[in-house]
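Worksheet for the structure shown next.
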């Protein structure tokens, strides 16, 4: 067992080493788990976890904002990984019954890369996560700065239409790709 401290929950959790049963409540976390070699350990995902293709074959335990606690209980995950932000209260609720570690919601592309490292630290896949983060850093570093920004609007369905303002990795990614979020001056939406 490894001891991992969750800043959000304000408590230490015990994580089996190696992990055999992980539930992921975030598409980004699911993709990271597969990318660092833990795909076979993923037993539950949300209906939004489409990548990689193998994730679609895992048991769906909910949406981005709701979970089927009975389905989670049947899967008996050793660890549930979620995000903060929209899932913050869900993480608190689930932590009363399960071993949960919420990953901070990224506000920039750099934070997305940091999230990869954090997933690796929590799951014991340090080296694999660092290699993936380095690869991502090189790709982002090779991007040419945009000369012209196209106005963009992004809306996600998180149980209802949601759009993001200044404090979002989506706004940061649009900027890196040459776009400008029409809500980039708004604190949130």
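Relative contact order of the chain: 17 percent, from C-alpha pairs under 8 Å at least 6 residues apart in sequence. In terms of overall dimensions, the C-alpha atoms belonging to the chain reach 51, 36, 34 Å along their principal axes, ordered largest to smallest.
Compactness of region 1-95 was expressed as the Cα radius of gyration divided by 2.2 N^0.38 Å, which yields 1.00. Counting only DSSP beta bridges whose two residues both lie in region 1-134, roughly 35 percent are antiparallel. Mean-square fluctuations from a GNM of the chain, with a 10 angstrom spring cutoff on Cα atoms, peak among 21, 97, 88 at 97. Principal-axis analysis of the Cα atoms of the chain puts helix 109-123 at an angle of about 10° to the longest axis. Summary of the geometry: region 150-178 and region 36-85, compared by the centres of their Cα atoms, lie 24 Å apart. Computed per residue of the chain from DSSP H runs no shorter than four, each worth -39500 (n - 2.57), the mean residue ellipticity at 222 nm is -10000 deg cm²/dmol. Peptides 116-129, 49-62 ordered by packing proxy, namely the average of other Cβ atoms within 10 Å per residue, highest first: 116-129, 49-62.
Every number in this text was worked out from the coordinates using simple rules, so none of it is lab data. It should be emphasised that the depicted structure is a prediction, and the values quoted were computed from it without experimental measurement. Please note: Cβ atoms are built from the backbone with ideal geometry, for glycine as well, and neighbour counts cover all protein chains shown.
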